[in-house]
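Read the structure below first, then the notes.
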Amino acid sequence: MSRVAPPRLDAVTQSIYITSAEGHSGKSTVALGVLDAVSRVTPRVGVFRPIARSTAERDYVLEMLLDHDGVDLAYEDCVGVTYDDVRDDADAALARIVERYKAVEAQCDAVVIIGSDYTDVGSPAELAYNARIAANLGAPVLLVLGGRAQQGQGETLGLSVARTPQEVGQIAALTMPELLHERAEVFAVVVNRADPDALDEVVSSVRHVVDAAAAPRSRTVPVWALPEDRFLIAPSMRGVLRSVEGELIKGDPELLTREVLGVVVAGMSMVNVLPRLKESAVIVIPADRTEVLLATLLANASGTFPSLAGVVLNGGFELPDAIVRLIDGLGSPLPIIATDLGTYDTAVRIMNTRGRLAADSQRRYDTALAMFERHVDTALLTRELGVARPSVVTPLMFEYGLVDRARSDRRRIVLPEGNDDRVLRAAATVLARGIADLTILGEPIEVRGRAIELGIDIRDAEVLSPFDAVHVDKFATEYARLRSHKGVTYAQAADTVTDVSYFGTLMVHLGLADGMVSGAAHTTAHTIRPAFEIIKTAPGVSVVSSVFLMALADRVLVYGDCAVIPDPTSEQLADIAISSAATAEQFGIEPRVAMLSYSTGESGTGADVEKVRAATALVRERAPELLVEGPIQYDAAADAAVAKAKMPGSEVAGRATVFVFPDLNTGNNTYKAVQRSAGAVAIGPVLQGLNKPINDLSRGALVDDIVNTIAITAIQAQGSAA
């Protein structure tokens, strides 16, 4: 076997090999965190799995990582060999791994490599073989150590035992020499699922071992510890469905994402079952005990018993028609799964069901990323890895920048549409990632109950009823004062302010929130009309307008106005340009403003051209510090070669970052054409010109769109408070 020199950390393509010393260490959590951190600072990130358990069944960890927004590779290209290949001829398998890895490396700036899983088809020499692979791929190793002792059956439901700091240190002492013997360079160590009350002690114990083993190397090996989080290892109801080979016969399929935190076997009468119900438990009920099933459904709906994750009916008995009709009449969304297995086998399979990171639960995905960000210095990780920030900015990198900016100075955002599942899911992500503080409007029991059913965590959000008497009185008094010139009385105002858009806008107006995001279930007019009446325009701005942040493959442009003003005057067009430049600057985009028209410079005439020419002159008069050019055609504004021919010597032509369209028809169609034809990510519309930030969502908004808009609104609020 040939030996290789330790990998250089300054290679053109930077890679990191994530391996563990044993199975079930939570390596996928660490891999997701590393992938997310690297994706923030480099545009082309790859994933590679040297050894897969099977070619017949797809590797769910690899699939989860390939689904990450920063990765664009085919599954088949990212797998090296199988365990069978390694057992048949380890050296030939290693050569094949290197060959397949090099094909991935050639397409990427950085590659996250995930070592093998220590499954039942593994071998005692698995760590050494992973070290050999890492050395031959030239990839430094991030070693994952398990903070929990393996307890076998039932371990996934919280029955494992935390290792002491000394025990974790002993695992490190056994592992480090094996890695170094194979000439693998240890880049960092992460202890996962560590005792939350002893994180510092665990890090200290492992660092002592690592420093001693790595001496006399000049570089200090970072050591981090992630605490145990039961939601990351808990199986979901969908996982339970798979394990018991069952069928969902009743309930809301959306609730199959909820985590299972316990098992209750209901083999007794309902009087004895009810006191034994547990929060987020799955209840195993023989299918012929229909009275217990009905009592369980009623208890779950009553609000006086714990909220359950689901029910599994075992034994293969058909429910009687009368019982089916009764269940349908109850309208319970609780998932009910039927399986032919007996009670013992059903319980054992549920106990042995392992949670799958991100494959089943957005909450688990958010929790994993948030925990990694809190406990691992990601800036140090990427810097030490040698991944530098490039000059290009991909859509994903821009979105990460929004999140980082938002949470650097957290603001409170109000979400009026607490009855929309997308809003609740986005709220859970925002809270988990620390992007903003939130107030959600809706009846607290209903909103929090639905969040529990969906298996998402919004405990840190304030949930406020728009009919809260104290707030309604305060808001009605203020609204009547603001609209007294329109003859609005207190009684009329009291009726108006219970509308969620007015209620949320008044929260922003009175400083109870820093911004508002709405529109997932309401029209644009319904969302922004209260802002026109209450928030009003900022000083020196005559109109409210909008921009889209257009994230292209390698840069971000600002398009305004594509959503609000149908046919702006020259004065309004100048306002739009100045506001759009300010918005660009707020989001880290150097403003170079192109006032668009169908002619460039002095080449054209006509009313539409003259409007743009007059608007350009007004911009130069009102904001002489701005780089602005107009009238100018889009190609001359965006393409350096065209600009050289049509407008040589211009500081804007060919380099524009802010594109101001002459009317809504042109702007709206252009942004949609670029979005669809060029694959750009259109973030917005972002409203501008208001005294305080209010932003509108599309009624087709996805959860990620809502998260991005909340981050944008929080950043705008930071600027408003400056």
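Before moving on, here are some points about what is shown:
- Summed over qualifying helices (DSSP H, 4 residues or more, each -39500 (n - 2.57)) and divided by its residue number, the chain shows a 222 nm mean residue ellipticity of -13000 deg cm²/dmol.
- Dipole of the range 495-648, positive end: most advanced residue of Ala643, Ile528, Ile632 [Cβ charges, Cα centre]: Ala643
- Computed E for Thr666/Asn691 - FRET, C-beta separation, R0 41 angstrom, nearest 0.05: 0.90
- Estimated dipole of the range 222-264 in Debye, rounded to 20 [Cβ of Lys and Arg +1, of Asp and Glu -1, Cα centre]: 40
- Above 21 Å, the calculated P(r) of the range 250-370 contains 37 percent of its Cα-Cα pairs.
- Filter on Lys250/Lys278; Lys486/Lys536; Lys611/Lys646; Lys611/Lys692; Lys644/Lys672 - keep pairs with C-alpha separation over 24 Å: Lys611/Lys692; Lys644/Lys672
- Point-charge dipole on Cβ atoms (K/R +1, D/E -1) for the range 315-354, about Cα centre, debye to 20: 220
- Our summary gives the chain a relative contact order of 11 percent, counting only alpha carbon pairs under 8 angstrom and 6 or more residues apart.
- Think of the chain as a dipole: +1 on every Lys or Arg Cβ, -1 on every Asp or Glu Cβ, centred on the Cα centre; then among Tyr344, Val189, Tyr17, Val189 lies furthest on the positive end.
- Using θ = phi - 60° and Karplus 6.51 cos²θ - 1.76 cosθ + 1.60, couplings along the range 80-96 (whole Hz; Gly, Pro as x): x, 9, 9, 4, 4, 4, 5, 5, 5, 7, 4, 5, 5, 5, 4, 4, 5
- Coarse-grained scattering of the range 596-722 at q = 0.09, 0.11, 0.13, 0.19 Å⁻¹, given as base-10 log I(q)/I(0) from a Debye sum over alpha-carbon atoms: -0.34, -0.50, -0.69, -1.18
- Taking amide H positions as modeled 1.01 Å from N, with prolines and chain starts lacking one, the residues under 5 Å from Ile440 and 5 or more places away or on another chain are Leu415, Glu462, Val463, Leu464.
- Shown are Asp696, Asp377, whose ranking by accessible area with a 1.4 Å probe and every protein chain present, most to least, is Asp377, Asp696.
- Folded to 0 to 90 degrees: helix 395-408 orientation relative to the chain principal axis, Cα: 90
- All C-alpha to C-alpha distances of the range 480-531, sorted into 5 Å bins beginning at zero, yield P(r) values of 4, 20, 26, 26, 16, 7, 0 percent in whole numbers.
- Normalised alpha carbon radius of gyration of the range 34-142 [divisor 2.2 N^0.38 Å]: 1.02
- Full extension of the segment from Glu279 to Gln107, taken as 0.36 nm per residue of separation minus the current Cα-Cα distance, would add 57.2 nm.
- The range 166-195 and the range 244-264 have Cα centres lying 38 Å from one another.
- Cα-centre dipole for the chain with unit charges at Cβ (Lys and Arg positive, Asp and Glu negative), debye to 20: 960
- Size estimate for the range 363-432 follows the Kirkwood approach: the inverse of mean 1/r over distinct Cα pairs works out to 14.4 Å.
- Shape analysis of the range 239-287 based on the Cα gyration tensor places the equivalent ellipsoid semi-axes at 20, 13, 10 Å, largest first.
- Relative contact order [Cα under 8 Å, 6+ residues apart], the range 449-525, whole percent: 23
- Reachable lysines, given that their alpha-carbon falls under 28 Å from the alpha-carbon of Lys102 and they are not under 8 places away in the same chain: Lys27
- For Val628, residues with placed amide H under 5 Å, excluding near neighbours: Val593
- The string of couplings for the range 633-642 from the Karplus curve (6.51, -1.76, 1.60, θ = phi - 60°) is 7, 4, 5, 5, 6, 9, 10, 5, 5, 5 Hz, one whole number per residue in order, with x for Gly and Pro.
- Legend: calculated FRET efficiency, Lys474 to Glu585, from the Cβ-Cβ distance at R0 = 41 Å, rounded to 0.05, equals 0.70.
- As a rough guide to protection, the peptides 591-601, 463-473 ranked by mean Cβ packing within 10 Å, highest first, stand as 591-601, 463-473.
- The tail of the calculated P(r) for the range 426-488 beyond 17 Å holds 53 percent of all Cα-Cα pairs.
- Amide H contacts of Val558 (H built 1.01 Å from N, in plane; Pro and chain starts excluded): Met550, Val658, Phe659 sit under 5 Å, all sequence-distant by 5 or more or on other chains.
- Cα centroid separation, the range 11-40 to the range 306-374 (Å): 31
- Peptides 477-486, 198-207 ordered by packing proxy, namely the average of other Cβ atoms within 10 Å per residue, highest first: 198-207, 477-486.
- Placing pseudo-labels 7 Å out from each Cα toward the beta carbon at Arg483 and Phe317 gives an inter-label distance of 6.0 nm.
- Neighbour net charge for Phe317 - beta-carbon separation under 11 angstrom, K R +1, D E -1: -2
- Inter-part distance where the range 464-521 and the range 402-447 are each reduced to a Cα centre, Å: 20
- Solvent-accessible area of the chain (1.4 angstrom probe, protein heavy atoms only): carbon and sulfur portion equals 51 percent.
- Mean separation of Cα contacts under 8 Å, 6 or more apart, over the residue count of the range 249-310: relative contact order %: 35
- Residue-by-residue Karplus 3J(HN,Hα) for the range 129-137, coefficients 6.51, -1.76, 1.60, Hz, glycine and proline x: 5, 4, 5, 4, 4, 4, 5, 6, 8
- Per residue convex hull volume, Cα atoms of the chain, in Å³: 190
- For the range 654-722, convex hull of alpha carbons as volume per residue, Å³: 130
- Where labels lie 7 Å past Cα in the beta-carbon direction, separation of Glu621 and Asp404 in nm: 4.2
- Peptides 413-421, 487-495, 347-355 ordered by average Cβ neighbours within 10 Å, highest first: 413-421, 347-355, 487-495
The values are calculated or read from the model by the stated rules, or taken from the named source; none is laboratory data. None of the values given here were measured: they were computed from a predicted structure. Virtual Cβ from ideal backbone geometry, glycine too; neighbours counted across all protein chains shown. Surface areas here come from the heavy atoms of the whole protein model, side chains and all, with no ligands, DNA or RNA. Shrake-Rupley method; radii C 1.70, N 1.55, O 1.52, S 1.80 Å.
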